[in-house]
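J.: First the structure, then my questions, so here it is.
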Amino acid sequence: MVAYEHTPVSVADKRAVVVGGTSGIGQAIALGFASEGADVIATSRSEETVAETSDALEARGAETARVTCDVTDPASLAEVRETAVETLGGIDIVVASQGAISRETVLGVDDDDWDFVTDVALDGVRRVTQTFAPALDDGGSVVNISSLAARLSMANLPAYAAAKGGVEAFTRAAAKELGPDVRVNAIAPGFVITPQNADTYAEGTEKRERIDERAILGRVAERDEIVGAAVYLASDASSYVTGEVITVDGGFADSAF
């Protein structure tokens, strides 16, 4: 019998930067990476949440650094890159998880709302890639966070939907240009409970009941359930995966009725 050897799904000993990594899904990914043995810098605009998340990373044994970041400012991103290279000795993984949202309608959204959302959620992904991809070691991985809003019809989210649709298109374009040395993929989460939206998705709310009824798995997700996809895309186990968007939505998008 021929022995089968496979690459384990692991980020142990890898070095990661998670932009938007101090809240929501991004924080879960940063902490998940650390729990799996990676060194991680989690950054955002908030000094308070950067400090809190960094403490939690260190408690999991990760090497880290406390550095804030504004994704609308290339100089700020460059500072994070330089800090990561100096502190961690290099970068293997970058996750772009920063977000911005506007619930204005198609006819109501104005230039300020549109520009704010796209500047953070779409242009921010471009800036993160442009800043960190050249610093990634061979075989490095970029993981972008998209959304079901990129593909499903959702009211009152035109700027957000357009930005996330752009993230998926940009992911494919970046994968084409940066391969074979750097892989670029994205995750499109479904409805995920985070500390920031716990009230919205609370048991018994109309929105929660609609989601639970449609999703094949019959429930919304906990944010830790997105971490596995991120670990896979960041690990050497996905060495032949690039330009892909992995949907993690409990079967919501595939359930027509």
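J.: Can you tell me which condition Arg60 does not meet? The list is (1) under 19 Å from the mean Cα position of the chain (by Cα); (2) surrounded by fewer than 24 Cβ atoms within 10 Å (Cβ to Cβ); (3) more than 17 Å from Thr83 (Cβ to Cβ), and all the others hold.
T.: Every condition holds for Arg60 apart from (1).
J.: Applying the selection to region 162-184, what residues are more than 25 Å from Ser102 (Cα to Cα) and surrounded by 18 or more Cβ atoms within 10 Å (Cβ to Cβ)?
T.: Ala174, Ala175, Leu178, Val182, Arg183, Val184
J.: Cβ-Cβ distance below 6 Å, separation of 6 or more or different chains: which pairs start in region 114-129 with a residue that is farther than 20 Å from Val17 by Cβ and in contact (Cβ under 8 Å) with a residue 40 or more places away in the chain and end on one that is part of a helix (DSSP H, G or I) and among the aliphatic types (A, V, I, L, M)?
T.: Every condition considered, the pairs that remain are Trp114/Ala159; Val117/Ala159; Val117/Ala163; Thr118/Ala163.
So that you can scan it fast, the table gives a plain yes or no per residue for (1) closer than 23 Å to Tyr232 by Cα; (2) among the acidic types (Asp, Glu):
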position: Ile91; (1), (2): yes, no
position: Gln98; (1), (2): yes, no
position: Leu107; (1), (2): no, no
position: Asp115; (1), (2): no, yes
position: Asp137; (1), (2): yes, yes
position: Ser146; (1), (2): yes, no
position: Ser153; (1), (2): no, no
position: Asn156; (1), (2): no, no
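J.: Determine which single condition Ser102 fails, assuming it passes every other condition in (1) closer than 24 Å to Asp137 by Cα; (2) polar (S, T, N, Q); (3) at pLDDT below 95.
T.: If we test Ser102 against (1) closer than 24 Å to Asp137 by Cα; (2) polar (S, T, N, Q); (3) at pLDDT below 95, just (1) comes out false.
J.: Yes or no: Thr200 among the β-branched types (Val, Ile, Thr), assigned to a loop (DSSP other than H, G, I, E, B) and in contact with a helix residue (DSSP H, G or I) (Cβ under 7 Å, 6 or more places away or on another chain)?
T.: Yes, satisfied.
J.: I'd like the full set of residues that are in a loop (DSSP other than H, G, I, E, B) and in contact (Cβ under 8 Å) with a residue 40 or more places away in the chain, limited to region 144-179.
T.: Answer for region 144-179, where residues must be in a loop (DSSP other than H, G, I, E, B) and in contact (Cβ under 8 Å) with a residue 40 or more places away in the chain: Ser146, Ser147, Arg151, Leu152, Ala155, Asn156, Leu157, Gly179.
J.: Quick one: Leu217 ticks every box in (1) surrounded by fewer than 20 Cβ atoms within 10 Å (Cβ to Cβ); (2) at pLDDT 95 or above; (3) out of contact with any Gly (no Cβ under 8 Å at 6 or more places or on another chain); (4) among the hydrophobic types (A, V, I, L, M, F, W, C) bar one, so which box is it?
T.: Every listed condition holds for Leu217 apart from (3).
J.: Checking the conditions here, which among Val94, Val106 is surrounded by fewer than 20 Cβ atoms within 10 Å (Cβ to Cβ) and either in a strand (DSSP E or B) or in contact with a helix residue (DSSP H, G or I) (Cβ under 9 Å, 6 or more places away or on another chain) (or both)?
T.: Val106
J.: Going through region 129-143 one residue at a time, which ones are surrounded by 15 or more Cβ atoms within 10 Å (Cβ to Cβ) and assigned to a helix (DSSP H, G or I)?
T.: Thr129, Thr131, Phe132, Ala133, Ala135 - these are the residues of region 129-143 that are surrounded by 15 or more Cβ atoms within 10 Å (Cβ to Cβ) and assigned to a helix (DSSP H, G or I).
J.: I need a count of the residues in region 1-47 that are without any contact (Cβ under 8 Å) to a residue 12 or more places away in the chain and of a type in the set (A, V, I, L, M, F, W, C).
T.: Looking only at that region, the number is 3.
J.: I would also like to ask the following. Quick check: anything in region 113-128 surrounded by fewer than 22 Cβ atoms within 10 Å (Cβ to Cβ), under 18 Å from the mean Cα position of the chain (by Cα) and more than 27 Å from Ala84 (Cα to Cα)?
T.: No: zero hits.
J.: Do you know which of the residues in region 15-43 that are assigned to a loop (DSSP other than H, G, I, E, B) and surrounded by fewer than 24 Cβ atoms within 10 Å (Cβ to Cβ) is farthest from the chain's Cα centre (by Cα)?
T.: My answer is Gly37.
J.: Okay, next question. Enumerate the pairs (first residue in region 228-257 and on the phi < 0 side of the Ramachandran plot and of a type in the set (Phe, Trp, Tyr); second residue anywhere and surrounded by 20 or more Cβ atoms within 10 Å (Cβ to Cβ) and part of a helix (DSSP H, G or I)) with beta-carbon separation below 6 Å, excluding pairs fewer than 6 apart on the same chain, so at least 6 apart or on different chains.
T.: Between residues of region 228-257 that are on the phi < 0 side of the Ramachandran plot and of a type in the set (Phe, Trp, Tyr) and residues that are surrounded by 20 or more Cβ atoms within 10 Å (Cβ to Cβ) and part of a helix (DSSP H, G or I), the close pairs are Tyr232/Ser238.
The values are calculated or read from the model by the stated rules, or taken from the named source; none is laboratory data. Since the model is a prediction, treat every value here as computed from it, not as a measurement. Because the Cβ atoms are built from the backbone with ideal geometry, glycine has one as well, and the counts that use them run over all protein chains shown.
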